[in-house]
Amino acid sequence: RIFNNLKEGSVFIAHEIAGIIRQKQAEGKNCVLGLATGSSPKTVYAELVRLHREEGLSFKNVITFNLDEYYPITNDALQSYNRYMKEQLFNHVDINPANCHIPNGEWPKENIKKHCAEYDAMIEAAGGIDAQILGIGNNGHIGFNEPGSSRFSRTRLITLENSTRIANSFEFANISQVPRLAVTMGIDTIMKAKKIYLMAWGPMKAPVIQKAVEDEVTEQIPASLLQQHNDAVFVVDEMAAADL
Ligand code: GLP
């Protein structure tokens, strides 16, 4: 779906998500959302907050699982995705904090595999993800699944590419402060989501959107694996669609 600008694309995604939340409410069921961070989804969250404040959208039946978190990082660090989610969404809606799950940058390293396995188990116990939103890295990463991530990967510790650390360094005092590791939900978990919305805005994302949508399916461009999902939508603005 190509929109004139990121505002229109973001409103489209927020209204789709709101529709799924309301439908689940009508059925008396929980709605499980997979959430992303980065600059791309901020306007989606702003619209969801507006829908809550002005149109009575309730998040009482919503359970969330975030894609990723830097590792290690303290939860209250300025750059932590735990903090980001509170500031962008959770603090502004009626969601139960106990229903909000984010990989924890404070997990002790010796138990990290156990925590990652528990994260996957919690997603399964919640019934899987109803709707997953995704951004995309310039190298094609989704979550922090860097190029070469297996189609069958699960939640795990991953080493960030230098290009990713450089792209994200504006959030930190300098490049040496950017963590070298992250915890990310795996591609297999993302692919199991019933519905996926990947968003990309602006000219910087045009080359990777072209590769992910039109080129071969390859683990070297993790977002291209979404071509094999039966209900994944790429939501882009005119500038990100420029190379299609
Ligand atoms: C970050 C996040 C990804 C995000 C991507 C793009 O590294 N881990 O989940 O999709 O980079 O970020 P942005 O939306 O700021 O371009």
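All of the numbers you see were taken from the coordinates with simple rules; none came from a lab. Note that this is a predicted model, so its numbers are computed, not measured. Cβ atoms come from the backbone with ideal geometry, glycine included; neighbour counts cover every protein chain shown.
The gain in end-to-end length when the R50 to N4 segment is fully stretched comes to 14.5 nm, 0.36 nm per residue minus the alpha carbon separation. Compute the distance from the alpha-carbon center of the stretch 213-244 to that of the stretch 46-84, in whole Å. If we compute the Cα centre of each part, the gap is 25 Å.
Between L181 and Y71, L160, the built amide H atoms are under 5 Å apart, and every one of these is 5 or more places off in sequence or on another chain.
With 0.36 nm allotted per residue and the present C-alpha distance subtracted, the R180-E27 stretch has 50.7 nm of extension available. Taking Cβ atoms as reference points and 14 Å as the exclusive limit, the residues near Q23 contribute a net charge of +2, counting Lys and Arg as +1 and Asp and Glu as -1.
Exceedance of the 25 Å cut-off in Cα-Cα distance is limited, within the set K60/K114; K29/K194; K114/K192, to K60/K114. Note on the chain: GNM, Cα springs under 10 Å; of I102, I166, I196, the largest mean-square fluctuation is that of I166. Basic side chains Lys and Arg get +1 at the Cβ, acidic Asp and Glu get -1 at the Cβ, and with that the dipole of the chain about its Cα centre reaches some 400 debye. Near the amide H of D237, within less than 5 Å, lie the amide hydrogens of F3, A200, G202, all on another chain or at least 5 residues away, with H placed in the peptide plane. Bridges between two residues of the stretch 142-244, per DSSP, are antiparallel at a rate of about 50%.
Taking the Cβ of K42 as the centre, find all other residues whose Cβ is under 12 Å away and add up their charges (Lys, Arg: +1; Asp, Glu: -1). Here the charged neighbours net out to -1.
Residues whose amide H comes within less than 5 Å of that of I102, counting only those at least five positions distant or on another chain, are N66 (H built at 1.01 Å from N in the peptide plane). Here the chain carries DSSP beta bridges of which approximately 30% are antiparallel, counting only pairs with both residues inside.
Residues D120, D231, D237, arranged from fewest to most other Cβ atoms within 10 angstrom of their Cβ, appear as D231, D120, D237. Treating r as the C-beta distance of F152 and T218 and R0 as 22 Å, the FRET efficiency rounds to 0.90.
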